[in-house]
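Beneath this line is the structure, given in structure tokens, with notes to follow.
The values are calculated or read from the model by the stated rules, or taken from the named source; none is laboratory data. Remember, predicted model here, so these are calculated numbers, not experimental data. Here the Cβ positions follow ideal geometry from the backbone for every residue, glycine too, while neighbour counts run over all protein chains shown. Areas reflect the complete protein model, heavy atoms only, side chains present, ligands, DNA and RNA absent. Shrake-Rupley method; radii C 1.70, N 1.55, O 1.52, S 1.80 Å.
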Amino acid sequence: MVLIRWERIQHILCDVDGVLTEGILTYTASGEQTKTFSARDGHLIRVALRAGIGVGLVSGRRCAALEYRAKDLGLDPCFLGVGDKRAVVTDWLAGRDGLDWEHLAFVGDDLPDLTLFGVVGCAVAVGDAAPRLRQCADLVTAAPGGRGAVGEFIERLLRARGAWSPDEWGRVHG
């Protein structure tokens, strides 16, 4: 069993397709991609931000719906359309004083996410992640991607820190 150092996590980075969405790609007749996001994830992302925990995205895809949701929630950084997730996060960390790999949690669902699993302080696989990812994860959520998995992780993080307050966090809207 892996010991998660909850107090060290300062920033959560998430893949998108299969993590914040169910991983289903939908296109309009004009070729525009649409996405469906969990309101619970959005609510708890806002809770994490209020609690001083940063939340950002690292995704191989880029689309207008995703950019809109990221801006709506105030996510930072937003690395979209990335080929090498580890390289962009490495570059981002180089410009962040006091933030290192051990301070990051990463939530993923598929094999391209493995590049970050070995280096972050907490590697999280969503409940329906690829079997190899679940094997390598420090934590596997009960919820599948797009159905509250990120929110579940955020709640566990805040509970582990003694900072979970349903009365207070219930007033935050996602």
For LEU20, what residues show an amide H to amide H distance below 5 Å, using hydrogens built from the backbone and excluding near sequence neighbours?
GLY146
Using a 1.4 Å probe, what is the accessible area per residue for the chain, in Å²?
49
Separation between Cα centres of the stretch 1-65 and the stretch 92-135, rounded to whole Å:
13
Could you work out how far apart the two model spin labels at GLU7 and SER165 are, taking each label as a point 7 Å from the Cα in the direction of the beta carbon, and quote it in nm?
2.0
Extending each Cα 7 Å along its Cβ direction at ALA39 and ASP97, get the distance between those two points in nm, one decimal.
4.2
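At 1.4 Å probe size, with the rest of the protein present, what percent of the exposed accessible area of the stretch 1-136 is carbon and sulfur atoms? List each step's numbers first, then the result.
Numbers: 3280 of 6610 Å².
Whole-percent figure for carbon plus sulfur exposure: 50.
Loop only per DSSP, at most 14 neighbouring Cβ atoms within 10 Å: give me the GluC sites (Glu not before Pro) in the stretch 1-71, ordered by residue number.
Hits after loop and neighbour filter: GLU32.
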Tell me, rounded to the nearest percent, the portion of alpha carbon pairs in the chain spaced more than 20 Å apart.
48
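Using only alpha carbon pairs under 8 Å that are at least six residues apart, calculate the relative contact order of the stretch 86-174 and give it in whole percent.
Details: 110 pairs, mean separation 16.4, N = 89.
Relative contact order comes out at 18 percent.
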